[in-house]
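Bear in mind these aren't lab numbers, they're just calculated from the coordinates by the rules spelled out. Quick caveat, the model's predicted, so the values are computed rather than measured. Note that each Cβ is placed from the backbone with ideal geometry, even for glycine, and that neighbours are counted across all protein chains shown.
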Amino acid sequence: MLNSQQQVQSFGDIALGDGNVFTINQILQVTASAIQTRPLNPTSPYRGLKKFEFNNKDLFFGRDRLIANLIEVISQSNFILLLGASGSGKSSLVRAGILPQLAEKLGAKFRDFTFTPDRNPFESFRISLIGKGYKQSEVESAFDNFKLPLNQGIHALKEKNSQWLIFIDQFEEIFTLCQDLEQRKKFIDNLVAIAKSNRQSVKIILAMRADFLDRFSPYPNLGKIAQQNIHLVTDMHPDELRQAIEQPAAHHGVIFEAGLVEEIIRDIQGQAGSLPLLQYTLDLLWQNEDISDRTLNIKTYRELGGVRGALQSHVDRIYQHLQPQEQQAAKQIFLRLIDLTATEKEFNIVGKAVSRRAYLTEFDNQLVQNILDRLIDSNLLVSNRQEQSTVEIAHEILINSWSTLKEWIEDSKEAIAIRNRLSEDAQRWQDAGTPSDELWNGSKLQRVEELRQKQEFDRLGGLTELENRFIDASIAERDRRIWEAEARRKQQLMAVSGASIIFAGLALLAGVQWQQAERQKTILSLRERANQATNLLNINPVEGVTSAIALTGESIDRFGDRFAQTLPQVRSSLRDAIAVPTERNALRGHQGAVWVAAFSPDGQYIASASDDGTVRLWDKQGNPIGQPFRGHKGFVHSVAFSPDGQYIVSGGGDNTVRLWDLQGNLIGQPFQGHQTAVLSVAFSPDGQYIASGGDDSTIGLWDLQGNLIGQPFQGHQGEVWSVAFSPDGQYIASGGADNTIRLWDKQGNPRSQPFRGHQDQVFAVAFSPDGKAIASGSADNTIRLWDLRGNAIAQPFTGHEDFVRAVTFSPDGKYILSGSDDKTLRLWDLKGHQIGQPLIGHEYYLYSVGFSPDGETIVSSSEDSTVRLWNLADFESDRTFQKHQDKVLAVAISPDGQYVASSSADKTIQLWDKSGNPLTQLRGHQGAVNSIAISPDGQYIASGSDDRTVRLWNKQGNAIARPFQGHADDVFSVAISTDGQHIISGSADGTIRLWDKQGNAIARPFQGHEGGVFSVAISPDGQQIISGGNDKTIRVWDLKGNPIGQPWRRHPDEVHSVAFSPDGKYVVSGSRDRTVRLWDRQGNAIGQPFLGHGSLVTSVAFSPDGEYIVSGSRDRTVRLWDLQGNAIGQPLQKHEASVTSIAISPDGQHIISGSWDKTVQLWQGGSFSTWLKTACNKLQAHSVITTHATETAKIASKTCQIKL
């Protein structure tokens, strides 16, 4: 080990001679036994992800030579720029190495000021000065609120003969956080002025990541000075690493097991910026050992995963121990603390992820604040509590080392970039007095509006009130300008019309201009109304679908019925219309809230009960039958059919239960016994009894003559909102205002303790068809599932945003349906996963839901006085396939459309039927299966894997021939020739290979790509192969491997997917640059790139008719485009992680996508004509269409009759 090192230097005007000696931490050769005799300090001497600070100087080892060299440099220069990789130890070197040595020997005359630039470097410097004891008034006076040059202010504030050292750490923040370019330039100019002054009593050290050096280009004066004073902080040598590892432990009386230090050094060497990982691993090692043994052991180190795996596994454990809602909060926190390095692009989405310092006031949600504190306590985040307290990620190494965070960032890059830019611009707008010229417009405004509408910012913790005001003001200003432009256009049209009268000789020309103007006017009108229709779909789906159909009819009448002739906005509104679940009919007639609607046992009738005091009967299409049933003296709160369908029972606000026949005749006398309103009624399965629940806290059991059987059931401490019989008729379940569910036998004896778990009133209970479970809905906004002993089954079902008033099981017992005050119906599986989208349409609180006996139709009722009918299929139009245990990497559809194949990082290939039921699973690959293809006859499947092989399988899961071997790295892509005789594969080894079905290589490997080949495809005529790769090119080959033409070079980043059009005339590509491009066969780019995706485009495909393109992206969306690059409809969003692959069924009716979320998703595909047919079928029986309720509905009805 090193002996004591000494340096004697002069430091500007202050001599360090005469015994002033710098003594670096002494490193002595000491035996292990001697170390173990020292006093044991059980506190970890390692810093984890935190910087070494001034007071950690005694534990800072390994940089002695560099510290000595830099102190010598400091003595001779007043400006130093320290450059190094993130994680190289720049900050710790200065804070725990240089500053303590200078402070120790220079004494009271030495003043150091350490800060990071943050958003306002002048403000950061001010806070640093105050933190060192200067009064705020002194600082403001000296610098005149930084209107004066820093040089002048420092001279006024600085004590005579004192020595100042200003350390600006993380100087890259001047470029990443300081968005005020004028302020940035002013601060840099001030630093240059100090450096040029050559005053040795004020020195500056800047520490900056080396990859930001090119940001000095716009500041040549800074660049010139920096160039002369750059000092690199490089990786530690092995002997220095040994000191950094051993000596802190030795300082606390602990040694390393023989061989462990050498193993750690081997693990860390070659890892750039690895010092934080080293410190974090050593800190974990210390915490996981029994330090009383005074030895750190190899076994524990390896169990932690070593330097390479310790951080990843430890952070994963912390995250996995959080509850789902807490995990969501943690995700929001981390993404709020990420920024992307600035570029010249409008939105800096391709920039590198860096840490962002956020104010603690940005986290105002209590749950988020709690998780924030836990992450700070876990040393993953650090908080700096000053005038404005901040929080940031403990070290950027966490960004690069935690794969979960990297995936979050990749999935959210666009939202992060826009949110951060929005935050800065909104603040600047407010500070400037909210001028209109500071607002956003154009594509920037359009994109932020789209992301806000899709709630993309919710993943980042949402937008602030100021940011929302800024967006709203920008939209208002845009709309005002559009209105003014339209007004000017109308004036110009009037001028043209006037000119045609005055100048009769120009009548023909004026007529043409008028026709063109009218055409343009029609286009503008259709565009505007199509956008309105799209917006309506999320508010009033029926009106939105009606408008989309009517607009399609108008567009066809005006411009033709071909896909390409239809306005893009009209196409989009129609495509969106088929994707939105829509009620089948709305039953109107009640004059007040409808508390309950229920199907008869044969499914032919619907009964409903209302605040208007009536019960009504409807046929299953929604037509009223007979007159309303009148008799109750007040509201009717509940209704139910007898099991034979011959009677209806009702309960009302007049404290009675009443029995009716289907003609509305009252049978017998009202059942009297409740002291207040009857809130719920139910028939027993044998039809012999009626149960009722009341506002008086009791449950009554009655025979059909209205006799009360036994005493009322007592136990609830408030209203009994719901009662239900078990399928065998032996038990009654009830839910009440006391937050409990109770189970009773028919004699009124409780069968168990009350079921407790809900945090508010229980409004609804329902038995499963097999009688083994009870579902409940509550004012705590949740649904819960229980066994008959009151044990909760699974976690509460969360998703509703207001009281859950109604729950019921589907007839087959597979699903639970719920209705809520949030105006939505939701479908759930028994594990609490939502199926499909919520159904919206009701205009106010939703009070009841029910299934038809065949399970195909849903009925609901609401405060809005309506009963509505829905198709269960609306929930299931988009299906989710789940079985894979890891990321889904590829999907394919058989040529006959009868089965789907998916491959996964779990090393398997899964076959499914088109309903999502799993069929055969194919096993054999030893690594992730990256790509699959199905033969033209549908009889075999090709796959490519990380195990470097291509394999061929039949549908039964049997391997055909041996694995195809030859690639030297992962196989990324496979395709099968159109005659089914050959397989093409592309690999990370940079080659493409052609194989016969026996696995024999045909010709030599195709070589030309300068990196991995991500995608291969074969032309429809089978004569050419196209490939896209890591080298940013697309290449065309003949079947012998000869390149055809030059590589296609228009993508500025990796090409991840390529596909031919069905006629072979075009090629589409998707790239890491976030764009989709269309090419002709000669490699000429057609039009502009298709813009819209917020992350890497992973997969592209043409529709079978060649009319549109589908793409999938790491932004978690699937998108449809016409051949001009116009988006068709809203992005398809259901995946919770990156979309890796997409495929389209041969008939075009379905789109399949696979995702890192381990699922396969089935979406509606179709063509323009099928979209119109689907939209019309949605509303064919709806009263809006059948009665021509509006002029738009009349046009829609005509469109459906004529065009189909």
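A protection proxy built from the mean count of other Cβ atoms within 10 Å ranks the segments 956-963, 70-77, 123-130, most packed first, as 123-130, 70-77, 956-963.
Compute the signed sum of charges (Lys and Arg +1, Asp and Glu -1) over the other residues within less than 13 Å, Cβ to Cβ, of Glu1010.
Details: positive: Lys1032, Arg1035, Arg1049; negative: Asp989, Asp1031, Glu1054.
Result for the neighbourhood of Glu1010: 0.
Look at the alpha carbon pairs under 8 Å that are at least 6 residues apart: their mean separation over the length of segment 1083-1204 gives a relative contact order of 15 percent. Normalised by the number of residues in segment 104-243, the average gap of Cα pairs under 8 Å and 6 or more apart makes the relative contact order 26 percent. Between the Cα long axis of helix 403-431 and the first principal axis of the chain there is an angle of about 90°, rounded to the nearest 10. The residue among Asn441, Asn420, Leu451 whose Cα reaches farthest toward the positive pole of the charge dipole of segment 416-466, with charges on the beta-carbon of Lys, Arg, Asp and Glu, is Leu451.
Go ahead and estimate [θ] at 222 nm for the chain from helices alone: -39,500 (n - 2.57) per DSSP H run with n ≥ 4, summed, over the residue count, rounded to 500.
On the way: 27 runs with 343 residues, N = 1204.
-9000 deg cm²/dmol, from helical runs alone.
What size of dipole, in debye to the nearest 20, comes out for the chain about its Cα centre when the only charges are +1 on Lys and Arg C-beta atoms and -1 on Asp and Glu C-beta atoms? That gives the chain a dipole magnitude of about 2220 debye. Sequence-distant contacts, meaning Cα pairs under 8 Å at least 6 residues apart, place the relative contact order of the chain at 6 percent.
Here is the short version for the chain: Cys178 have no other Cys C-beta closer than 4.7 Å. Comparing Leu222, Leu367, Ala432 along the charge dipole axis of the chain, the residue lying farthest to the positive side is Leu222, per the Cβ-charge model.
Relative to the Cα centre, the charge distribution of segment 322-469, modelled as +1 at Lys and Arg Cβ and -1 at Asp and Glu Cβ, gives a dipole magnitude of about 260 debye.
Each peptide in 629-641, 190-202 was scored by the mean count of other Cβ atoms within 10 Å over its residues; highest first, the order is 629-641, 190-202. Rounded to the nearest 10 degrees, the inclination of helix 568-579 to the longest alpha-carbon principal axis of the chain is 70 degrees.
Under unit Cβ charges (Lys, Arg +1; Asp, Glu -1), what dipole magnitude, rounded to 20 debye, does segment 63-234 have relative to its Cα centre? Write down the numbers at each step before the final one.
Details: 23 positive and 18 negative charges, 83 e Å.
Charge dipole of segment 63-234: 400 debye, to the nearest 20.
Using a cut-off of 24 Å between Cα atoms, the listed pairs Lys132/Lys160; Lys831/Lys1178; Lys914/Lys1032; Lys883/Lys1134; Lys831/Lys955; Lys413/Lys914 include Lys831/Lys1178; Lys914/Lys1032; Lys831/Lys955; Lys413/Lys914 as exceeding that distance. Projecting the Cα atoms of Trp912, Thr782, Val807 onto the charge dipole of the chain, computed from C-beta unit charges around the Cα centre, puts Trp912 farthest toward the positive end. Here's how it looks for Gln1130: its modeled amide H is under 5 Å from those of Asp576, which are all 5 or more places away or on a different chain.
If you take all C-alpha pairs in the chain, what percent of them are over 45 Å apart? Before the final figure, lay out each step's value.
Values: 378222 of 724206 pairs.
Summing the P(r) of the chain above 45 Å gives 52 percent of all pairs.
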